[in-house]
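Student: My structure is below; once you've seen it, I'll send some questions.
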Amino acid sequence: MDGGSEATSMCAPRMSATSHLYREAGCVFGGLPACGSNDVLQHGCIHRLWREVPIGPKPVVIQMGIPRVECRKCATIRQIGVGFADERRSYTRAFARYALGLSRYMTIQDVARHLNVGWDLIKEIQKSYLQKHFSRPKLSKLSQIAIDEISIGKGPKYLTVLLTSLPGGGLCR
Ligand SMILES: [Zn+2]
């Protein structure tokens, strides 16, 4: 890819505080323009922060300069991808795995307090996980379903639940 080494050197990571870490941008060219073209030019640099798994009680933030690239075919400008975090996320994949692990034993509020983040971030991590793993259930071997409807709060608000007869077989809502 043209300009690859130049892009990396211009966006050298820096360490700013004791609770901040930096990562080398060794996997930076994982994110290509949406059209799939490799014909890109560097288009500036943006500094990003990601929440990382805490060290003991101390919150950890990864700070890194991310090159922006412009596609010469479709003129799209976007940040290049990093290997340790999903696109448009403010936390690393390791942080998400840690939060999900804690969520098995603690409430969302407890996890958020432990990780020193808002409860909405933990909710977002859980939602993202559920969408990724359960949004498209495999129905080819489905033979039976059970349907139930429950009331939510006051007023005419209902939630319809579909279940299979298999263990853990929630289908959709
Ligand atoms: Zn393009």
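The values are calculated or read from the model by the stated rules, or taken from the named source; none is laboratory data. None of the values given here were measured: they were computed from a predicted structure. FYI the Cβ positions are ideal-geometry reconstructions off the backbone, even for glycines, and counts take in every protein chain you see.
Student: Quick one: which of 142, 121 is surrounded by 15 or more Cβ atoms within 10 Å (Cβ to Cβ), among the hydrophobic types (A, V, I, L, M, F, W, C) and out of contact with any Gly (no Cβ under 8 Å at 6 or more places or on another chain)?
Tutor: Selected residue: 121, the only one of 142, 121 that is surrounded by 15 or more Cβ atoms within 10 Å (Cβ to Cβ), among the hydrophobic types (A, V, I, L, M, F, W, C) and out of contact with any Gly (no Cβ under 8 Å at 6 or more places or on another chain).
Student: Within the range 85-120, how many residues turn out to be of a type in the set (Lys, Arg) and either in contact with a strand residue (DSSP E or B) (Cβ under 7 Å, 6 or more places away or on another chain) or at positive phi (or both)? Talk me through it step by step, then tell me what you get.
Tutor: So the first thing to find is which residues in the range 85-120 are of a type in the set (Lys, Arg), and the list is 88-89, 93, 97, 104, 113.
Now restrict to residues that are either in contact with a strand residue (DSSP E or B) (Cβ under 7 Å, 6 or more places away or on another chain) or at positive phi (or both): 88.
Adding up the residues that qualify gives 1.
Student: Restricted to the range 70-86, and to residues that are within 16 Å of the ligand (Cβ to nearest atom) and charged (D, E, K, R), which residue is surrounded by the fewest Cβ atoms within 10 Å (Cβ to Cβ)?
Tutor: So the first thing to find is which residues in the range 70-86 are within 16 Å of the ligand (Cβ to nearest atom), and the list is 70-81.
Next cut, charged (D, E, K, R) only: 70, 72-73, 78.
On the way: 70: 16, 72: 14, 73: 12, 78: 16.
Going through the qualifying residues, I end up with 73.
Student: Show the residue pairs that are 6+ apart or on different chains and have beta-carbon atoms under 6 Å apart, the first residue being within the range 120-137 and modelled with pLDDT of 90 or more, the second being among the basic types (Lys, Arg).
Tutor: Listed pairs, sorted by first residue: none to list.
Student: Taking the conditions exactly as written (of a type in the set (Ser, Thr, Tyr) and exposed (fewer than 13 other Cβ atoms within 10 Å of the Cβ)), does residue 92 satisfy them or not? Give the derivation first.
Tutor: On the way: of a type in the set (Ser, Thr, Tyr): yes; exposed (fewer than 13 other Cβ atoms within 10 Å of the Cβ): no.
It is false that residue 92 is of a type in the set (Ser, Thr, Tyr) and exposed (fewer than 13 other Cβ atoms within 10 Å of the Cβ).
Student: Right, another one. Those residues that are polar (S, T, N, Q) and out of contact with any Asp or Glu (no Cβ under 8 Å at 6 or more places or on another chain), I need them from the range 145-162; list them, please. Let's see the steps before the verdict.
Tutor: So the first thing to find is which residues in the range 145-162 are polar (S, T, N, Q), and the list is 151, 160.
Hit for the range 145-162 is 151, nothing else.
Matching residues to (1) away from the ligand (no atom under 16 Å from the Cβ); (2) closer than 26 Å to residue 35 by Cβ; (3) among the hydroxyl-bearing types (Ser, Thr, Tyr):
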residue: 60; (1), (2), (3): yes, no, no
residue: 68; (1), (2), (3): no, yes, no
residue: 93; (1), (2), (3): yes, yes, no
residue: 101; (1), (2), (3): yes, no, no
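Student: Can you find even one residue in the range 98-112 that is assigned to a loop (DSSP other than H, G, I, E, B), in contact with a His (Cβ under 9 Å, 6 or more places away or on another chain), not assigned by TED's automatic domain parsing to the domain that holds residue 43 and not small (Gly, Ala, Ser)? Working first, answer last.
Tutor: From the range 98-112, those assigned to a loop (DSSP other than H, G, I, E, B) are 104-107; that's our starting set.
From what is left, the residues that are in contact with a His (Cβ under 9 Å, 6 or more places away or on another chain) are 106.
This time we only want the ones that are not assigned by TED's automatic domain parsing to the domain that holds residue 43, so: 106.
From what is left, the residues that are not small (Gly, Ala, Ser) are 106.
Yes, some residue in the range 98-112 is assigned to a loop (DSSP other than H, G, I, E, B), in contact with a His (Cβ under 9 Å, 6 or more places away or on another chain), not assigned by TED's automatic domain parsing to the domain that holds residue 43 and not small (Gly, Ala, Ser).
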